[in-house]
């Protein structure tokens, strides 16, 4: 059996398991709460791993390892940014969001942050949130489909467009069938595959370069050949005019974790049981340490093993094919597709809920809402496929663009809500709009793209708007601060 045949067989069997989960979960969708939040009955293991996998996409396995390969030692700053985001989310936000969502009967992030329904700003806030979510997720999902295209192209030599269509078809099918139950169960399986791969593949690469001694010798040789500035060339990227600018811009990635709708809904769906949050946070943070440490190590070892890759984001695929026999490399490549699917399926579901639930396009009957949600999910998938085929192929920067836009738009207000901060509706709208617009604007300007002005300033301004002291009501006219 050839390498390509063994890899294809492994991937086909794996995808059949995912589709089987979709058919199984199809029976559990009785109403919209089941379809969007799994009836709020996710176990700590499923909530933790599915949230982790859905927030760690092809960007993590392909993008972070590729960044380590291309940037060298300067990529180390991705570790505190990403792991720190997991810690903040699970130790600060998760228990508060779980309690707040149950108290208000919220099914989506938009429900949590849109304010009182009696305010005239309420529908405007919901509309703005829906536009940001659908736009950002379309870009994000397109980048996941690009990851699938790179995987199939590097392994089988298939055209990118055909590869994207194959990956997208599988994702859409089981998402439409099972909704949140299917997405959460498949994400858990895929998260476990990602974690195992993030342990095994980097260790194999470390052994291939001669163990720890060979690794340090290889890094010293690279530094001697290229110079320290050459092997830390990310410091010279646009938007990072200085070393401090690069470090702060990279650490700013961690701010985005607080505002990701597909992660927050796992907090909302977690079962209300003693120690559920405590168990979930240990699993999620441990998972993040394993995966991000592994991908950085893989990128650095890959720089020693493969000195002339045209595309740094295929280092994961190149290492898997080089270091393992066909069946095992097939499992490794399944991990890449797992990362893609575990993010894309969650985002499709959230994007669908933004239009059908948040904007009321789904109707009043549960079956009608589920049907219309499936139609919307399919249409968003079609747009994302077109964007993936026609748009740029850089996974890393496109994911961070969408990630930062949503983090800056929703993160500050969600933090304020979690701490029971009363934010007037006009301020809610301003914080969301300015966070998204400033982030998108900074990304569009080469001098600020990827730096502090894109990843920290919009988020900081949003926090300032949300936590700025509210003037006490006058004695002559008492108004709700949410009016």
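Readers should treat all values here as calculations from the given coordinates under stated rules, not as data from a laboratory. Since the model is a prediction, treat every value here as computed from it, not as a measurement. Virtual Cβ from ideal backbone geometry, glycine too; neighbours counted across all protein chains shown.
At-a-glance table
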| read-out | value |
| --- | --- |
| Sorted by Cβ density within 10 Å, fewest first, the residues 358, 146 | 358, 146 |
| Residue exposure sequence - 71, 212, 361 - by fewest surrounding Cβ within 10 Å | 212, 361, 71 |
| Label-to-label distance, nm, for residues given as residue 275 and residue 445 (7 Å Cα→Cβ offset) | 5.2 |
| R0 of 60 Å, Cβ-Cβ distance residue 383-residue 207: FRET efficiency to nearest 0.05 | 0.85 |
| Residue 467/residue 192 FRET efficiency (R0 45 Å; Cβ-Cβ; nearest 0.05) | 0.70 |
| Residue 217 versus residue 367: modelled label distance in nm, points set 7 Å from Cα along the beta carbon direction | 7.1 |
| Potential lengthening between residue 430 and residue 310 on full extension [0.36 nm per residue; Cα-Cα distance subtracted] | 38.9 nm |
| Two-site FRET efficiency, residue 420 against residue 165, from Cβ-Cβ distance with R₀ of 45 Å, rounded to 0.05 | 0.45 |
| Residue 135 paired with residue 73, simple spin-label distance in nm, labels 7 Å along Cα-to-beta-carbon | 4.1 |
| Stokes-Einstein translational diffusion, the range 38-187 - Kirkwood Rh over all Cα pairs, 0.890 mPa s, 25 °C, in µm²/s | 135 |
| 194, 369 arranged by Cβ crowding within 10 Å, fewest neighbours leading | 369, 194 |
